[in-house]
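Step one of this worksheet: look at the structure below.
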Amino acid sequence: MKKHTCPCCKKNKTSKFLVSKKFPYFTTPIKDISKKKIKKKNYLKYFDDLKYSFCKICDHVFLIKSPNFKIIDELYKKFYSYPSAMSGDFLPTRDDAFLNFLKKYLGKNKKKDCSFFEIGCYDGYILYQLKKQGFKNVAGCDPSVGARIAIRHGLNVKNEFFNVSKIKNKYDFIIARHLVEHLDNPLQFLKSLENIINENTKIIIEVPNGEFYLKKGLVEVFSHQHIHLFNKFSMQSLVKDTNFGIEKIKQEGANIYFILSKKKEINKIKKIPLVKRFLKKYHHNLKKIKLILKFYKDKQIIFYGAGGFCCAAIHLYKIDKKIIHRILDSDKNKINKEFLHIDKKIQRNNINLNSDNLAIITSYYTDDILKLIKKKNISKNIMLIHPEIKLKRLK
Ligand SMILES: [Zn+2]
């Protein structure tokens, strides 16, 4: 069913935002054998047109057509692979920024007996750190294999999808990071939390920051998994229809935190035009990328970062996948796997390369990868996409 009503403010003034034909559902590299199996049957069902609309009233960006959740669930259960901070796979910059925010919010005098529940806690890194800070009553759930890592570290985590009726306790803090943008019906989700909260519960939400992406004309955030791109104003419109109010907002670069509580509301958020600015900036970015690639057309082109960002870069920044010489990644779980639609094995970063090539960083962790590329002498010419399209030339 196509949606022409804004899921946040419920107005019918929506318009076309972004379209990409046959965008892959699987943006995670998979094993050879799984790829062969999928290619034998029903290969095409793993691709679908990605169609976003935006609301002219609140600048909320959302998928017009709900994705095929059967395929998305299959992806999360079978193939979802994200490096684990608990296993020491990477430096959890985004998670640490959240913990910093939370620590400041809780202050010094927070009672250690207050309770936390994290929905979609993956490997339990946040819960583990809270426990380390002295909070004893922490719990969570996650449908992916990440939950098993959390359980191995002694955390009270269930390896399952969030189901409010299964939770018997009430919690002082509910944490939902990078979850709400994946939901078909975020309003229903927020309302359902009523069953597991008390009068003073705070609901802490982290989502990609619409204002950040739209102002900069960046599109790496879009995929079938991301049904919504919220901004402050559209989140306020959504929350209006619940018993909650927005108590606090903090923008942290590409992400934004909201703290919701009962009947509290910060001053009314003013709307700023975002989509208009996006369209101008996005076309400028497309041109810039085209120009850089034209200049390096005789060089080998290496992609660094084999995740959803890489797929979005190819499809939404319109980079021809034929130019890919190699795809590298630091995550050991991705090595030797392949994207469903790109026949290149993901390789480690320590392979021998002639550094006279162009490396494109296709990851949110651009700074960390940039350092690595310099250190390992992987390339002298580097194109950054996030948080700005830029060419860097090293000596
Ligand atoms: Zn709206």
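Summary of computed values
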{"item": "Residue tally, condition in contact with a strand residue (DSSP E or B) (Cβ under 7 Å, 6 or more places away or on another chain) and either closer than 29 Å to C6 by Cβ or buried (at least 18 other Cβ atoms within 10 Å of the Cβ) (or both), over segment 168-198", "result": "16"}
{"item": "Strands (runs of 3 or more DSSP E) contained in segment 1-83 and holding at least 3 residues away from the ligand (no atom under 16 Å from the Cβ) and surrounded by fewer than 19 Cβ atoms within 10 Å (Cβ to Cβ)", "result": "14-24, 47-55"}
{"item": "Conditions (1) among the hydrophobic types (A, V, I, L, M, F, W, C); (2) over 28 Å from H284 (Cα atoms); (3) in contact with a Leu (Cβ under 8 Å, 6 or more places away or on another chain); (4) in contact (Cβ under 8 Å) with a residue 60 or more places away in the chain; number of the one not met by M383", "result": "(2)"}
{"item": "Selection status of S115, small (G, A, S) and either out of contact with any Phe, Trp or Tyr (no Cβ under 9 Å at 6 or more places or on another chain) or not assigned by TED's automatic domain parsing to the domain that holds V219 (or both)", "result": "no"}
{"item": "Evaluation of L130 against (1) assigned to a helix (DSSP H, G or I); (2) surrounded by fewer than 18 Cβ atoms within 10 Å (Cβ to Cβ); (3) not basic (K, R) (one fails), failing number", "result": "(2)"}
{"item": "Residue tally, condition touching a residue at least 40 places away in the same chain (Cβ under 8 Å) and not in a loop (DSSP other than H, G, I, E, B), over segment 152-173", "result": "3"}
{"item": "Residue within segment 247-266 that is in contact (Cβ under 8 Å) with a residue 24 or more places away in the chain, of a type in the set (D, E) and over 30 Å from K45 (Cα atoms) present", "result": "yes"}
{"item": "Within segment 289-395, strands (runs of 3 or more DSSP E) holding 2 or more residues that are surrounded by 20 or more Cβ atoms within 10 Å (Cβ to Cβ) and either aromatic (F, W, Y) or modelled with pLDDT of 95 or more (or both)", "result": "301-304, 324-328, 358-361, 381-384"}
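For (1) farther than 17 Å from L218 by Cβ; (2) of a type in the set (D, E, K, R), each residue gets a yes or a no:
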residue	(1), (2)
N285	no, no
I301	yes, no
A306	yes, no
K334	yes, yes
D356	yes, yes
T362	no, no
D367	no, yes
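Here's the yes/no breakdown for (1) outside any helix (DSSP H, G or I); (2) within 23 Å of I196 (Cβ to Cβ); (3) touching a strand residue (DSSP E or B) at 6+ places or on another chain (Cβ under 8 Å):
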{"residue": "G88", "(1), (2), (3)": "yes, no, no"}
{"residue": "L91", "(1), (2), (3)": "yes, no, no"}
{"residue": "A97", "(1), (2), (3)": "no, no, yes"}
{"residue": "F101", "(1), (2), (3)": "no, yes, yes"}
{"residue": "K110", "(1), (2), (3)": "yes, yes, no"}
{"residue": "E118", "(1), (2), (3)": "yes, yes, yes"}
{"residue": "C121", "(1), (2), (3)": "yes, yes, yes"}
{"residue": "A139", "(1), (2), (3)": "yes, yes, yes"}
{"residue": "A150", "(1), (2), (3)": "no, yes, yes"}
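The values are calculated or read from the model by the stated rules, or taken from the named source; none is laboratory data. This is a predicted model, so every value here is computed, not measured. Heads up, the Cβs are rebuilt from the backbone with ideal geometry, glycines too, and the neighbour counts pull from every protein chain shown.
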